[in-house]
Ligand SMILES: Nc1ncnc2c1ncn2[C@@H]1O[C@H](COP(=O)(O)OP(=O)(O)OP(=O)(O)O)[C@@H](O)[C@H]1O
Ligand SMILES: Nc1ncnc2c1ncn2[C@@H]1O[C@H](COP(=O)(O)OP(=O)(O)OP(=O)(O)O)[C@@H](O)[C@H]1O
Ligand SMILES: [Mg+2]
Ligand SMILES: [Mg+2]
């Protein structure tokens, strides 16, 4: 049944037209916060019958909740690893990649320590924090550092990218690897430095309709919006790459 | 009667607890504060938090006081075991509490499946918030009341029995009033813990505006919201702290007057 | 002496606390368990957790017992205020505790700046873990001991004084032993809370293998790594719970024998 | 035990109790007739409070039974809860409920006890009770705002107000002042008589036993060593404790030619009427627990005389009529209410009571050697 | 106050204390000479324990001072801590430290008190103290495993062992059995004398006052109403409480022609020697607090006679010599240690003591109307 669901609701149908007012619950990775808030407003604007509620959290938390029966209609993960098992269990419909993200070196505004390359991160006296390898940004960071041949022992492996941003913005750490979208979202608090080879390491974001969704058509409408040129433009404005 | 030597460590202890909160105050964006605190984003979670924490505290009292009595009046060996069991949820990192609750009451969970058949779904509802809060707050109530019961002893209960009073009467008219201070302390502790509960709630109840987004979850959301500075999170925390202090001081003063 | 009516709610309360843990057991991948539990990924955080929680508990005792004495022997009004201040950290969602500690002791923090000049940096060190744990665990010790002191009263202290004993002697030989059970309860509570501490630690101390990755952080990391299956996180939680239960039962039995 | 068996048929309360606690062993059989008041006497630590706890159901014996009006309250595997026994207990400490006023403490008993009053009438009756124990006007005081004796009176009022079938009173008059004590004693007496309540009263004051009790029982090291009417028990003390209670000198020794020989060899000639009773053939008043004495052993006998009967001399009295004369050293000289009391050496010690003037005349001091005499006609004797 | 001023020069301890607690007001001046033992007597709730608390520094007076050997211990704005006063207090409850054995309780006092012994010798000495109070072998018992009287003895040993300069004992003999009490009384006496310790002893037993105290003071409703040697105070009771303590009948009334007129109009003729003293001109023994009486008011006088001096008749005695004859109703008949005690109606009530045989002969019952007489020579009198 799940595979059919995505097919029956089509973009060329008048989206949500004729549907009763319904609340759509979107579970999205925390890094999507700004972009999805905008997309939700966009959809509600397009179709006043929809009330879109987006819940942001770590992808693994959201995946665990969906597996436990959370009332989600759409799941947008920051990595395939958390989407895959749900698909295997047929808890979500087919997943589509809708965005990509690359890493930046985050430093304090003005870059007081003059950090320009990944190698600068291992300079003595520079306190670097990374995401833990278990979370998407950490996996990407590890891969980027490995490709650059930099062996880095971070002061801390944070549980999510927000913690990395907080540490650098608060001055606890001098530098760290974060998503380009985080740099775009916090212009006053951190400054981004694009390391060499950053574009070679791209994190991919899959999106899918939840199999149990009570509002499958509306859910599909949201997915479609994300994948539409308008949606992609919003994502790009927040620093995301095309899938 | 206080040994003078104790004032130094006592001050350090108090400073350790109070100074970080003072530190928070420095991070507050004061001009923006009033508008933020009066926004629905602040008031709705606050309302939900107060309601759920109150209900949880009530549940803690209803379930915890009897449990405390049973433990306090058990043989030492049984009491030791029960007390350990009751204390374990304290050790659980909040997340694990959420996993545990989901594995019991979630889809696929032992009890969850049964409830599902009965048309009842608990996770991701306000009920889930209350259960999560009760789960984490109950141990405090039990431990505090049990300690008070044990210290109060059974001398007065025995006297009441020799006067002919049945167990229920003794419990209501003698036991409960005698452990009043301990009961109040336990209630305060469990209310505070329920009010601040985040981890188990986040996983087990989710984070739905108006349904399960309590104040701690609102703070978390504000904190994680990209583009938003920690200002909002700090402001919300301040609100939570302020409300808590008011309630605690009110209760504390009442308690003092009861004792004096 | 237990009113029969109490057994029902007591059982429900116990079930609420114990069944979720039982639910966890069902999620365990038993065949893979032994290897996992003996891996350094499990043992190193466990070791760190036990060491830091023990040190924190010690700190709680050193700072908290004096603070409890001061509160218990204060005028009702002052005591009510102090008690409320001490309870506030309980209300803080863990994350906010972390922010608060950072804003005090972090690089840009009030005290942090001063310490930095003295060449001391606290965040990202094991010391930060201990401070975060002490911050969250201290209220438990203070509240529990204060309650016990208040219930014990000052009758025996007065007798000791009329025999000529100075305040220090009275405190060491009379007061402390008399509140033994309360002290033990407070110690157990604060140790448990320190052992389970996650939020403030994660933010204030970070997550560095061997330095600041305590068991709760390891569990969270594992959870993030394994996602939906949560196997590894559950296994680690189980290890934490098992160790905690063993310690609690050991202490509980010792406590029982002290009391009997 | 004979005494117990004799009374079992009419007994309201009957108990047979064995208990060991550390080095202390209790083994007691006792009965209480309907309406009877028994005074339970005995030295500190003899087990009196323990017996009351066992009767009230606050403690469980190792073995034994307690029955009340035929119903079994305590037996192996059976322990009727204290609140279902209709046995009230006023313990050695007042233990007023600290959170309730004096009035509320008494009202509690009226509500939960026999009377089962509602809150309003319990309050009214409680005030009446407080009035009866002389505490009118103090009803609103919390226990912490009452003096020791006032607390004791509230506790007594509370115990009486509960109206049990059997009332156990553990030193109910302790802490009462001299002016109040007789009134309270009278109150207890009247209340017990009016309601037909049976009672056991533990006391260290012989006046309580005399005024309140129909019968006394003496406990020693966990065993009943004497039992009977107060007069009978005091007239023939079975051991030094009872002698002290009765305020007499007691010499326990062996019979020899109608005299009593003390452990240290002194011979006490006794009044002719009792001398015959010392011969082994004559049966003595049977003391509980004595059973049938083995005829071969020299029967222990006792001589008893009052301290006032002892005459003190500084030189050996030659011309005097008393047959009992001996010398001793003065161990202590204390004022007493009946004169000055001299404690003199020997086994057993003998106490002499004389006027202050006599002490001055004789120039007595602690350590003085004196001669003591007592007329044989002042010495009573009996077999133990 | 005269008594206080008189003794101030030699006083070791001097106190002037005012305190109000709810409806209770205390206003007391008292002094204690070095080595002196004062018995503080008074009805329940008269403030005895409160006075001791104030002296020991456990309570603060509203106003007033306490000085010891010239040093001020309590004064407005100044309160020397109990542990720095060298004043020991044995309270009305034993309050043994519940977590320490009997031995350790006493050893605690030896370690922290005057002796400042080390742990090992404190243990040895503690065992000696337990032996002295008759508890050898119970040293290892926790307080919970001791009987009430045993606890009281440990508490007493602990208080004595601390060796303070002034010892305050609140009913130290309560709960002790009849056999032990004299020994413990003697122990207290010797210990105080040996160490030259001054002491205040609160008691409800006149024997304690007689045996232990040099002087007695009587507290009533928070004020000292009488003070002097035990004999003097008992001989001329100032109020019904003291009369009850002394075991005598007290009639307080007005003087008329050398007789005492009771409130109900009965006239009591007194022995000639005292009749003169009743005339207003002669100064009476000055009672503390009495100050100079206003000469205009009829001076209150008191008549005192023993219950045994009262003769009971069933008809009006015509031929008898006693001048004091009146009729009354029998209010109660109680056995007593000195015979049977009849309480008879009137204001004040009069107690008569007679033999059981006489009661039977006269066919007396509660409610009977009787005639009572007492010889004028048996009635002493004095101005109050
Ligand atoms: N756990 C125990 N271990 C050893 N001895 C004990 C224990 N509990 C009680 N005892 C002993 O039991 C005895 C009986 O105590 P109980 O209180 O019945 O005496 P009592 O006759 O009421 O004395 P009192 O006149 O002093 O009140 C005491 O000698 C006491 O030492
Ligand atoms: N808080 C209070 N409010 C009112 N009255 C009080 C308060 N505290 C004590 N009292 C009264 O103070 C009086 C003195 O009590 P205290 O204990 O000194 O008497 P006492 O002479 O030792 O009596 P006892 O012989 O019974 O031990 C009592 O009448 C008591 O009721
Ligand atoms: Mg007793
Ligand atoms: Mg008193």
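Based on Cα contacts under 8 Å between residues 6+ apart, chain C shows a relative contact order of 28 percent.
Mean-square fluctuations from a GNM of chain D, with a 10 angstrom spring cutoff on Cα atoms, peak among D:176, D:224, D:68 at D:176. Highest average first, the peptides A:74-81, C:10-17 ordered by how many other beta carbon atoms sit within 10 Å of their residues are A:74-81, C:10-17. Once you sort the root eigenvalues of the Cα gyration tensor of the range C:51-214 as a ≥ b ≥ c, which label holds: rounded (a/c under 1.5), prolate (a/b larger than b/c) or oblate (the other case)? It comes out prolate by the Cα gyration axes. Springs between Cα atoms under 10 Å define the GNM used for chain D, and in it the highest mean-square fluctuation of D:167, D:95, D:19 occurs at D:95. Peptides C:92-101, D:54-63 ranked from most to least packed by the mean count of surrounding Cβ atoms within 10 Å: C:92-101, D:54-63. What is the range C:10-164's relative contact order, in percent, from Cα pairs under 8 angstrom and six or more apart in sequence? The value is 30 percent.
Can you compute the helix-only [θ] at 222 nm over chain D? Use -39500 (n - 2.57) per DSSP H run of at least 4 residues, normalise by all residues, nearest 500 deg cm²/dmol.
Details: 11 runs with 100 residues, N = 384.
The helix-only estimate for chain D comes to -7500 deg cm²/dmol at 222 nm.
Build a GNM of chain D with springs between Cα atoms under 10 Å apart, and of D:179, D:36, D:190 the one that fluctuates most is D:179. By the count of neighbouring beta-carbon atoms within 10 Å, fewest first, D:220, D:204 end up ordered D:220, D:204. By the count of other C-beta atoms within 10 Å, a proxy for reagent exposure, C:170, D:210, A:92 are ordered fewest to most as D:210, C:170, A:92. Sorting the segments C:141-151, E:118-128 by their mean number of nearby beta carbons within 10 angstrom, highest to lowest, gives C:141-151, E:118-128. For the protein assembly as shown, DSSP calls about 75 percent of its internal beta bridges antiparallel. Based on C-alpha pairs under 8 angstrom that are at least 6 apart in sequence, the range C:90-167 has a relative contact order of 20 percent.
Ranking D:326, E:129, D:371 by Cβ neighbours within 10 Å, fewest first, what do you get? Write down the numbers at each step before the final one.
On the way: D:326 19, E:129 26, D:371 16.
Lowest count first: D:371, D:326, E:129.
Based solely on its DSSP helices, what 222 nm [θ] is calculated for chain C when runs of n ≥ 4 H residues each add -39,500 (n - 2.57) and the sum is averaged over all residues, nearest 500 deg cm²/dmol?
-25000 deg cm²/dmol
Indicate the gyration tensor shape class of chain D (rounded, prolate or oblate), computed on the Cα atoms with a ≥ b ≥ c the square roots of the eigenvalues: a/c under 1.5 is rounded; otherwise a/b larger than b/c is prolate and the rest oblate.
In terms of gyration-tensor shape, oblate.
Counts of other chain beta carbons within 10 angstrom of each beta carbon in peptide D:237-249 average 2.
For peptide C:110-117, what's the mean number of Cβ atoms from other chains within 10 Å of each residue's Cβ?
Shielding by partners across C:110-117 averages 2.
Decide, for the range E:1-109, between rounded, prolate and oblate: order the square roots of the alpha carbon gyration tensor eigenvalues as a ≥ b ≥ c, take rounded if a/c falls under 1.5, and otherwise choose prolate if a/b is larger than b/c, else oblate. Prolate. Mean per-residue shielding of peptide A:172-183 is 2, counting Cβ atoms of other chains within 10 Å of each Cβ.
Readers should treat all values here as calculations from the given coordinates under stated rules, not as data from a laboratory. Here the structure is a predicted model, which means the values were calculated and not measured. Cβ: placed from backbone, ideal geometry, glycine included. Neighbour counts: every protein chain shown.
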